[in-house]
Structures are given as C-alpha cells and as structure tokens.
Amino acid sequence: MKKESTVKILCISALFCAFVYGLALPFFWDNNPASELGTLSLLCENRKLFFWLWGILTSGGIFINTQYMYNKFGMKNKLLTAIGALGFVSICAVALTLGHSIDDWNPKRIAHWVATGAFIAFTVASIAFYFIINRKNHPKFNMLTVCTFLILGTFVVIFATVGKSALMEMIPLALIEIFLFAVNFTPWVKAARSETVVK
C-alpha cells in the first residue's frame, strides 16, 4: 500500500473514532451531557482511562489531520505545527488535572481550566491561522476561516444558553472533525495546485 493511502486511512480512521467516541462517552453511566455536573471532567474523574482515550483520539486526530491539510495544500508551517502539538500537550494537562474539587477555585481546578482554555486556543489557532496566513493562495481560505470561527462560536453559544456542560465538549469538537474531513477528503475544497501527495 502506498504511503499516501496509509496516511489517508489513518487520518480518516482517527477522525471517525474520535467523532463516535466523543459523542458516545458523555452518555456513559447514565450521564446527562446537558447537566452542569455532566461534563467529561466530572464524569471521568474516577475513570481517567476513558478521558485519556478521549483526549488522545480527539486531539491526536485533529493534529494529524491538520498536518494532512498542510500537506494537501502544499503550504507547511512549522509554527502552526508547534501550536497544534501544544494543543495535544494541553489536553494531556487537562487529563492530569482531573479529580479536582469544584467547591472552590483551588490550584488544581485553576490549572484544569487554564489547560482547557489552552487546548481550545491552540487547536483553533492551528486551523484558523493556517487559512488566514495563506488566504491569498487559495480562493476558499477566507470562507474556511469564517467556518472555523463559526465552529468556535458554537462553544460560546452553548455556554451562554445551556451553561457549562458536556455539550460544550461534544458539539464544537464534532463539528471540527466533520470540517477537517470535508476539507481533506471531499471535493468541497480542492488543492490549489497538483502536488497533493502527502510526504
């Protein structure tokens, strides 16, 4: 099997597994994902392995698919690759700070929220800034930038309307995964030039 096909299968499989597991996990153990106490952090505080699996699948899947996207369009960016890697490090920090008290703003809880914010910021930046930096090189990159920030906006809307809940984790991430699949593996956004082989 050619390397390009192997990488493509890996990227699609990672997105698929992250998508399915990310939507299913919040319902495990009769959890209510719309509840303030139904977040993955609280659900998995004594089931850390399930959270680690979610974090690795989700952030890892997004990272390798952003790398695929950079290669597809022939415009690599080492800084954005580093930012994407920091997103993965951040989700590991989120997992390491599970099991904190929610009765006050103790150091572990603060670290957990900071790591969560870093994960969101680094993940979105690795995608949106790529389109912004290269917007003159592809006719659809302006539209893709808008799409990325609209997805980020769903996080804000859910937080403002429903409040803190697993829905903030489920929906925006599922949309990012669908978005990356559409950009990488459908005719929706074609490479601007013919060199689409993943090296």
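If you take the beta carbon distance between K164 and L96 as r and set R0 to 22 Å, what does 1/(1 + (r/R0)^6) give as a FRET efficiency, to the nearest 0.05? Given R0 = 22 Å and the Cβ-Cβ separation, E is 0.60. With all protein chains in place and a 1.4 Å probe, the accessible surface of the chain carries 70 percent carbon and sulfur. Measuring between their Cα centroids, the stretch 74-146 and the stretch 1-57 lie 17 Å from each other.
Would you please name the trypsin sites (Lys or Arg not before Pro) within the stretch 1-89 that are DSSP coil residues with at most 13 other C-beta atoms within 10 Å of their C-beta? Could you put the intermediate results ahead of the total?
Numbers: sites: K2, K3, K8, R47, K48, K72, K76, K78; in loops: K2, R47, K76.
Sparse-neighbourhood loop trypsin sites (Lys or Arg not before Pro): K2, K76.
Looking at the chain, the accessible area is 52 square angstrom per residue; that uses a 1.4 Å probe and ignores ligands, DNA and RNA.
With the alpha-carbon atoms of the stretch 1-152 aligned to their principal axes, the span from lowest to highest coordinate is 50, 35, 25 Å, starting with the largest.
Spin-label model, W29 to K190: label points 7 Å out along the Cα-to-beta-carbon direction sit 5.0 nm apart.
Distance between the modelled labels on A111 and F149, one decimal in nanometres: 3.5 nm (7 Å Cα→Cβ projection). Listed by chain and number, the aspartates and glutamates whose C-alpha is less than 19 Å from the C-alpha of K190, apart from same-chain residues fewer than 8 away, are E4, E177.
Send over the Kirkwood Rh of the stretch 62-192, from the inverse of the averaged 1/r over different Cα pairs, rounded to one decimal Å.
Values: mean 1/r = 0.0636 Å⁻¹.
Evaluated on the stretch 62-192, it is 15.7 Å.
Among the complete DSSP H segments of the chain, which ones combine at least 15 Å of alpha-carbon extent along their axis with a mean Kyte-Doolittle hydropathy of 1.6 or more? If you can, show how the numbers build up before the last one.
Details: long enough: 3-24 (31 Å, 1.34); 48-72 (35 Å, 0.36); 78-96 (27 Å, 2.05); 107-133 (37 Å, 1.29); 141-161 (30 Å, 2.08); 167-185 (26 Å, 1.93).
Qualifying helices, which must be both long enough and hydrophobic enough, are 78-96, 141-161, 167-185.
Protection proxy ranking, highest mean first, for peptides 84-94, 60-70: 60-70, 84-94, where packing is the per-residue count of other beta-carbon atoms within 10 Å, averaged.
The values are calculated or read from the model by the stated rules, or taken from the named source; none is laboratory data. Remember, predicted model here, so these are calculated numbers, not experimental data. Note that each Cβ is placed from the backbone with ideal geometry, even for glycine, and that neighbours are counted across all protein chains shown. Protein only, heavy atoms only, side chains kept; ligands, DNA and RNA dropped before computing areas. Shrake-Rupley method; radii C 1.70, N 1.55, O 1.52, S 1.80 Å.
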